[in-house]
Amino acid sequence: MKLYYSPGACSLSPHIALLEAGLPYDLVKVDLRAKKLENGDDYLKINPKGQVPALALDNGDLVTEGPVIVQMIADKVSGKNLAPARDSAERYKLLEWLNYVGTELHKNFGPMFSPVLADDAKAFFKDRVMGKFKHLDGQLAGHDYLMGKQFTVADCYLFTMLSWADRMKFDLSGLPNLLAYKARVAARPAVQEALTKEGLMKAAA
């Protein structure tokens, strides 16, 4: 398999998932602005969406959209318990978390990366994201991970969003459960390896 990624982008989530799963893969770096690979190839010919992540399977298929990719990874190694069994109540809870992170955090973070959006507009989105983080802080009380004691691919996604919060200088000091969770996930060997490979070790701080 090949994971098309950009350092620190949302592709960090499936990168962590692949390492947690212990699956073999190759990393292919994408310049998202130029839509080019490091060798100069046109990324749009591989993924017309022009976004990361994209996972090229050994059979030639290409899978896009992070929440789908991480579930596929988890299902390839069901014994690792990176996702609950299909059709189980817990699986739908995982889907709930993946959707929450994707729609309430990921999509609200996007405008803050815009070079043209006004500062007051960015502040609006930052306040919105902080409200979501406060909700998560409450949900994580007494829990090691989003699903309880078991680390899942939803945690790969949330940790990626927390790394973005670091880049955006979010003050999470009033959210002790979320900070403890972030440190817990950051300490996992697979997370450390992903951050190292992407040159992002500061994100673990």
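The values are calculated or read from the model by the stated rules, or taken from the named source; none is laboratory data. Given the structure is predicted, the values throughout are model-derived calculations rather than measurements. Because the Cβ atoms are built from the backbone with ideal geometry, glycine has one as well, and the counts that use them run over all protein chains shown. The area values use the complete protein model at the heavy-atom level, side chains included, leaving out ligands, DNA and RNA. Shrake-Rupley method; radii C 1.70, N 1.55, O 1.52, S 1.80 Å.
Output the peptides 51-62, 118-129 sorted from most to least packed, where packing is the average of other Cβ atoms within 10 Å over each peptide's residues.
Details: 51-62: 15.9, 118-129: 13.4.
So the peptides 51-62, 118-129, ranked by packing, come out 51-62, 118-129.
Measure off, as a whole percent, the carbon and sulfur share of the 1.4 Å-probe accessible area of the stretch 95-138, all protein chains present. Numbers along the way, then the final one.
Numbers: 1360 of 2390 Å².
That fraction is 57 percent.
Highest mean first, how do 142-155, 81-94, 174-187 rank when packing is the count of other Cβ atoms within 10 Å averaged over residues? Before the final figure, lay out each step's value.
On the way: 142-155: 18.7, 81-94: 14.7, 174-187: 16.3.
Final packing ranking: 142-155, 174-187, 81-94.
Could you give the nm distance between label points at K2 and R33, where each point is 7 Å from its Cα heading toward the beta carbon?
So the label points at K2 and R33 sit 2.4 nm apart.
With N denoting the number of residues in the stretch 19-93, provide Rg(C-alpha) divided by 2.2 N^0.38 Å, to two decimal places. Intermediate values should be presented prior to the final figure.
On the way: Rg = 14.7 Å, N = 75, 2.2 N^0.38 = 11.3 Å.
Compared with the compact-globule rule of thumb, the stretch 19-93 sits at 1.29.
Go through the stretch 15-32 residue by residue and turn each phi into a ³J(HN,Hα) via Karplus (6.51, -1.76, 1.60, θ = phi - 60°); whole Hz please, and just put x for glycine and proline.
Result, rounded to whole Hz: 4, 4, 4, 4, 6, 4, 6, x, 8, x, 7, 10, 9, 10, 7, 10, 8, 5.
Run the accessible area of the stretch 1-86 with a 1.4 Å probe and give the carbon-and-sulfur part as a rounded percent. It would help to have the intermediate numbers written out before the result.
Working: 1940 of 4170 Å².
Of all accessible area on the stretch 1-86, carbon and sulfur atoms account for 46 percent.
Just to check I understand the Karplus step: with θ = phi - 60° and J = 6.51 cos²θ - 1.76 cosθ + 1.60, what whole-Hz values come out for the stretch 154-171, glycine and proline as x?
5, 5, 4, 6, 5, 4, 4, 5, 5, 5, 5, 4, 4, 5, 8, 6, 5, 9
Probe radius 1.4 Å, ligands and nucleic acids ignored: give me the carbon and sulfur share of the accessible area of the stretch 149-205 as a rounded percent. Let's see the in-between values first.
Working: 1440 of 2480 Å².
About 58 percent, which is the carbon plus sulfur part of the accessible surface.
For the chain, what is the accessible area per residue in Å² when the probe is 1.4 Å? Walk me through the intermediate numbers first.
Working: 10030 Å² over 205 residues.
I get 49 Å² per residue for the chain.
R0 = 30 Å: FRET efficiency of S88 with D42, Cβ-based, nearest 0.05? Please list the in-between numbers first.
Numbers: r = 41 Å, r/R0 = 1.38.
Efficiency, rounded to the nearest 0.05: 0.15.
What order do you get for 8-14, 22-28, 65-71 when each peptide is scored by the mean count of other beta carbon atoms within 10 Å, highest first?
On the way: 8-14: 25.7, 22-28: 12.4, 65-71: 22.0.
Packing order, densest peptide first, comes out as 8-14, 65-71, 22-28.
Given the -39500 (n - 2.57) contribution per DSSP H run of 4+ residues, what per-residue ellipticity at 222 nm results for the chain, rounded to the nearest 500 deg cm²/dmol?
Numbers: 7 runs with 89 residues, N = 205.
Taken over the chain, the calculation gives -13500 deg cm²/dmol.
Using a Cα-Cα cut-off of under 19 Å, which lysines could be cross-linked to K107, ignoring same-chain neighbours fewer than 8 residues away?
Qualifying lysines at Cα under 19 Å: K49, K122, K126, K132, K134, K169.
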